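Every read-out reported here was derived from the displayed coordinates using simple, explicitly stated rules and does not represent laboratory data. Note that this is a predicted model, so its numbers are computed, not measured. Here Cβ is always computed from backbone atoms with ideal geometry, including for glycine, and neighbour counts include all displayed protein chains.
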């Protein structure tokens, strides 16, 4: 049995893919008899997180004792100096869902964030990556022992059959769903712009996600919908409980989230469980789950014209939509489970803990 610490920002119940990954790891470790202590730091601005480096309270929480200290890499601005101060005989492992260095911003700011991230990653003994794309990004910053473990699929198949998926493909109009936080990086505005280039009678878009994450962006998005005259075609639902979300996924045809960068995109995999081909972008690790033209579409980021060009043929060719929908479901069924994800991570942690314990 291991005593494991896990450092996160805020509440482990947060709905993002990274927090789902963390929750699944915690659940797996606890099921195997490990004692997992969640260390929650306040979620604030990046600048305020940097101030955490001077907090004695943060340092005290990291001291353990633990057999392994896990840290969600999202917390890196708070942990740079506390990690350096730790004088412990247990390994520190960072879980990297999406390196901040991969995000698009001005070159001067990007250099600063990269350097902070680099210095933090030099303080850890091992890294868990959620995708090859994430490992490649971090590999340009540091050279550290690591393991690539993509997210797993759900523990059971979603409640829709292959026959229902096949029959659904011929229903009109085509129903497209977006699931995620409504923030600029997720590309909802680009999706709306792309769909506006197609006949409105042929499609409907449902946007599911918190309307509070970036109120200014949501207000601009509503204005864009009105500008294109799409009030009847686009619905913003806000966040939905899991049963309602599952009901929407069961009834839609395609899942679209053309992010400017997605390290993996758990939502693509979740949608495929319901037989939803995924529209994603070529930036990041989406191509590790989405095969262009087979179980979804890959388009360049920030390119509404490409979205329209890729979706237009499917509006008329429902046989192709049927084939892609069934291929999406097959991708989900063939993907490894969360149990396999947890097992690989636990083995990695045990190896590191043993190596650290053997050091004089």
For a label point 7 Å from the Cα of residue 40 along Cα→C-beta, name the residues of the range 173-210 whose backbone N is under 20 Å from it. 210
Helix 318-334 axis, angle to the chain major axis (alpha carbon atoms, nearest 10°): 20
Could you work out [θ]222 nm for the chain from helices alone, using -39500 (n - 2.57) per DSSP H run of at least four and dividing by all its residues? Round to the nearest 500 deg cm²/dmol. -13500 deg cm²/dmol
Between helix 242-251 and the chain: long-axis angle, C-alpha atoms, 0 to 90°, nearest 10: 40
Net length gained if the chain between residue 248 and residue 232 were fully extended (0.36 nm per residue, minus Cα distance): 4.0 nm
Modelling each spin label as a point 7 Å along the Cα-to-Cβ direction, I'd like the residue 118/residue 55 distance in nm, to one decimal. 2.7
By how many degrees, between 0 and 90 and to the nearest 10, does the Cα long axis of helix 304-316 differ from the longest principal axis of the chain? 50
Pop a pseudo-label 7 angstrom from the Cα along the beta-carbon direction at both residue 161 and residue 219 and give the gap in nm to one decimal. 5.0
For the range 162-334, diffusion coefficient by Stokes-Einstein and Kirkwood Rh (Cα), 10 °C, 1.306 mPa s, µm²/s: 101
Evaluate the distance, in nm, between pseudo-label points positioned 7 Å from the Cα of residue 323 and of residue 172 along their respective Cα→Cβ axes. 2.2
What do you get for Rg/Rh over the range 36-184 if you use C-alpha atoms and the Kirkwood form of Rh? 1.10
Under 8 Å for C-alpha pairs, at least 6 residues apart: give me the relative contact order for the range 1-75, rounded to a whole percent. 53
